[in-house]
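Colleague: Structure in structure tokens, see below.
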Amino acid sequence: MAETKTIDPQESAPVRFWNWLTETQIWTSVFRHGRPNSDRNRVLVMLSNVFLHLHPVRIRKSGVKLRYTWCMGGLSFFLFLVLTFTGLLLMFYYRPTLEYAYTDIVALREHVPLGIMREMHRWGAHAMVITVWLHMFRVFMTGSYKPPREFNWSVGVIMLVLTLLLSFTGYLLPWDQLAIWAITVGSNMARATPFLGHEGPGAALLRLGDVPLIHAYDDARFALLGGSFVGEGALLRFYVLHCVGLPLGIAVLMAVHFWRVRKDGGISGPL
Amino acid sequence: MADEKTPDAPAPKTAPQTGEATKAVAQPAAAAHAARPAPAPRPPAAPLPDLAGKTTSAASAGGAAAKAATPAAKPAAAAATRDPDDTSPLLTRRAWMGVAWGAFSAASAAALAATGRFMFPNVLNEPPQQFKAGFPTEYGMGVDERWKEKFGVWIVRTPNDLVQRSNGFFALLVTCTHLGCTPNYLSAEGKFKCPCHGSGFRAESGINFEGPAPRPLERARIVLADDGQLLIDKARKFQYELGQWTDPEAFLKI
């Protein structure tokens, strides 16, 4: 750089190195403002960072009190990160086919160092379902669903459904008897979807003469399972939904959710 | 301060934003705003332009009809609503945007439909609904489990059927009528017992008698094929509670 600082010969080598480093183009392009030791710089840090800008620039004192938020939203997000990471690791060993699914899961315990990863994923998943419900309970009890936060409440409800669907799809993947029959029972509920399930209300109305338009081979349950029973197709579909589709959807909604918290005036305060 | 919308924040810091904006109009001397010229007064509101045939509905049949009618009826009016810098050929720029949005919407809808159709394969790797189960002489009395794993059917031979009061065969589907699990045949107890929630069905008929199952197991069509073998068709089901077990194809008399 053309205009360098005059170097005081009194300064020690580490200080001089530090001064040089913080003026390099790389450094100044990554850290585009001074240290966050003033209100202005703190705001700049928040505004110029894609992750931090999802957060409110400032929050109420009550917002950091554990007894007010229970930190359930934060814990849900933390568990989502844990599950994303452990799930990614599990994908290196798991093959979603009838031949390998169950044996891969069994083998994981003994063939891989720290095969406990699978237990972390499983227990983390249970914990996330619990924390998401508790987060919803807290938001309800503090009245934080009221305007202007009703939009964010709705986003949260969708994410609750996605969390449960993630739990449901992940349940099938070990491909043991519990998994197969639990999904058999669970997916049978889709038969009763109005108009879209072949045993649901209104489905009987959708017919051309004698030909039913909605039957066991083209209804909502079939689309979910990729077949007429829980088999090969169901395992693959649930795997793809569990590892890619649903996490992608919930991640997008999380960004919206956090950003809305900020836009609606930060974490709600006691009334 | 940024463009924060902070209704809960203490008033003094954010309030001036809107306050100053209004004040600046009243007091042009406000130093902070002096550099920025006040916006020119808006021209009087123009009469609402005639949007017929120029909105996104232009792609629809009605819009096209309206558009076809308009230039013929009053070309002068159509030309008058063009923006001064609108030099697009054939249609106004606004109409072209309508066409573009229509095409985009149609393409998006088609892509969505294709995505939905993609989830329903044309070929299924599943056992066929209809199969031949061998000759009647190959079966003894009682429940036969040889086709349970592959086709999901028990072949039951009974000396006196509950409904048809005759000696013969019926084919029971192995799907529990509660929530769809597969019951186990317990020969010692003469029943089908579902491991999921404990529903029990009589082995000699398929009638439910314990647990949460709301109705008997379903029977499948069973007839003799031309070559004398048993022919089972799972696509045709008979339900006891609908009185369908009296159907001649629900039971094969011997």
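Colleague: Could you please let me know if A:Thr193 is crowded, with 17+ Cβ neighbours inside 10 Å, in the same structural domain as A:Tyr94 (by TED's automatic domain parsing), touching a Cys at 6+ places or on another chain (Cβ under 7 Å) and modelled with pLDDT under 95?
Modeller: no
Colleague: Please go through (1) more than 10 Å from every other protein chain (Cβ to nearest Cβ); (2) part of a helix (DSSP H, G or I); (3) of a type in the set (A, V, I, L, M); (4) buried (at least 18 other Cβ atoms within 10 Å of the Cβ) for A:Ile214 and return the number of the only condition it doesn't satisfy.
Modeller: Of (1) more than 10 Å from every other protein chain (Cβ to nearest Cβ); (2) part of a helix (DSSP H, G or I); (3) of a type in the set (A, V, I, L, M); (4) buried (at least 18 other Cβ atoms within 10 Å of the Cβ), only one is false for A:Ile214: (2).
Colleague: Working carefully through the options A:Gly266, A:Gly249, find the one that is within 30 Å of A:Val57 (Cα to Cα), outside any helix (DSSP H, G or I) and within 24 Å of the chain's Cα centre (by Cα).
Modeller: Result: A:Gly266 is the single residue among A:Gly266, A:Gly249 that is within 30 Å of A:Val57 (Cα to Cα), outside any helix (DSSP H, G or I) and within 24 Å of the chain's Cα centre (by Cα).
Colleague: Now a separate question. Show the residue pairs meeting these rules: Cβ distance below 8 Å; 6+ apart or different chains; first residue within region A:222-242 and within 11 Å of another protein chain (Cβ to nearest Cβ) and part of a loop (DSSP other than H, G, I, E, B); second residue aromatic (Phe, Trp, Tyr) and crowded, with 20+ Cβ neighbours inside 10 Å.
Modeller: Every condition considered, the pairs that remain are A:Ser228/A:Phe222.
Colleague: Might you let me know whether region B:219-235 holds any residue that is in contact with a Cys (Cβ under 9 Å, 6 or more places away or on another chain) and under 23 Å from B:Lys150 (Cβ atoms)?
Modeller: no
Colleague: Please determine whether any residue of region B:241-253 is surrounded by 14 or more Cβ atoms within 10 Å (Cβ to Cβ), aromatic (Phe, Trp, Tyr) and touching a residue at least 60 places away in the same chain (Cβ under 8 Å).
Modeller: Scanning region B:241-253, I find at least one residue that is surrounded by 14 or more Cβ atoms within 10 Å (Cβ to Cβ), aromatic (Phe, Trp, Tyr) and touching a residue at least 60 places away in the same chain (Cβ under 8 Å), so the answer is yes.
Colleague: Filter region B:115-142 for residues that are among the small types (Gly, Ala, Ser), more than 10 Å from chain A (Cβ to nearest Cβ) and without any contact (Cβ under 8 Å) to a residue 60 or more places away in the chain and give the result.
Modeller: Of everything in region B:115-142, just one residue is among the small types (Gly, Ala, Ser), more than 10 Å from chain A (Cβ to nearest Cβ) and without any contact (Cβ under 8 Å) to a residue 60 or more places away in the chain, namely B:Gly140.
Colleague: Follow-up. Do you know which of the residues in region A:184-211 that are within 12 Å of another protein chain (Cβ to nearest Cβ) and among the β-branched types (Val, Ile, Thr) is farthest from B:Ala235 (Cα to Cα)?
Modeller: Out of the qualifying residues, it is A:Val185.
Colleague: So which residues in region A:102-120 are without any contact (Cβ under 8 Å) to a residue 40 or more places away in the chain, part of a helix (DSSP H, G or I) and of a type outside the set (Gly, Ala, Ser), if there are any at all?
Modeller: Of everything in region A:102-120, those that are without any contact (Cβ under 8 Å) to a residue 40 or more places away in the chain, part of a helix (DSSP H, G or I) and of a type outside the set (Gly, Ala, Ser) turn out to be A:Thr103, A:Asp104, A:Val106, A:Leu108, A:Arg109, A:Glu110, A:His111, A:Met117, A:Arg118, A:Glu119, A:Met120.
Colleague: Need a quick list: strands (runs of 3 or more DSSP E) entirely within region B:151-254 having at least 2 residues that are in contact with an Asp or Glu (Cβ under 8 Å, 6 or more places away or on another chain). Before you say what the answer is, go through the steps one by one.
Modeller: On the way: elements: B:153-158, B:168-173, B:184-186, B:191-193, B:200-202, B:208-210, B:219-224, B:230-238.
The strands (runs of 3 or more DSSP E) meeting that bar are B:153-158, B:168-173, B:219-224, B:230-238.
Colleague: Turning to a different aspect of this structure: Surrounded by fewer than 17 Cβ atoms within 10 Å (Cβ to Cβ) and more than 10 Å from chain B (Cβ to nearest Cβ): does that describe A:Pro247?
Modeller: no
Colleague: Right, next: When you scan region B:143-156, how many residues do you find that are crowded, with 16+ Cβ neighbours inside 10 Å and touching a residue at least 24 places away in the same chain (Cβ under 8 Å)?
Modeller: Residues flagged as crowded, with 16+ Cβ neighbours inside 10 Å and touching a residue at least 24 places away in the same chain (Cβ under 8 Å) within region B:143-156 amount to 9.
Colleague: Residues that are without any contact (Cβ under 8 Å) to a residue 24 or more places away in the chain, within 14 Å of chain B (Cβ to nearest Cβ) and surrounded by 12 or more Cβ atoms within 10 Å (Cβ to Cβ), at least 3 per element: which helices (runs of 4 or more DSSP H) completely within region A:1-100 meet that?
Modeller: Numbers: elements: A:13-21, A:25-30, A:39-47, A:66-69, A:72-91.
Of the helices (runs of 4 or more DSSP H) lying wholly inside region A:1-100, those with at least 3 residues that are without any contact (Cβ under 8 Å) to a residue 24 or more places away in the chain, within 14 Å of chain B (Cβ to nearest Cβ) and surrounded by 12 or more Cβ atoms within 10 Å (Cβ to Cβ) span A:39-47.
The values are calculated or read from the model by the stated rules, or taken from the named source; none is laboratory data. Computed from a prediction, not measured in an experiment: that's the story for all the values here. Backbone-built Cβ (ideal geometry, glycine too); neighbour counts: all protein chains shown.
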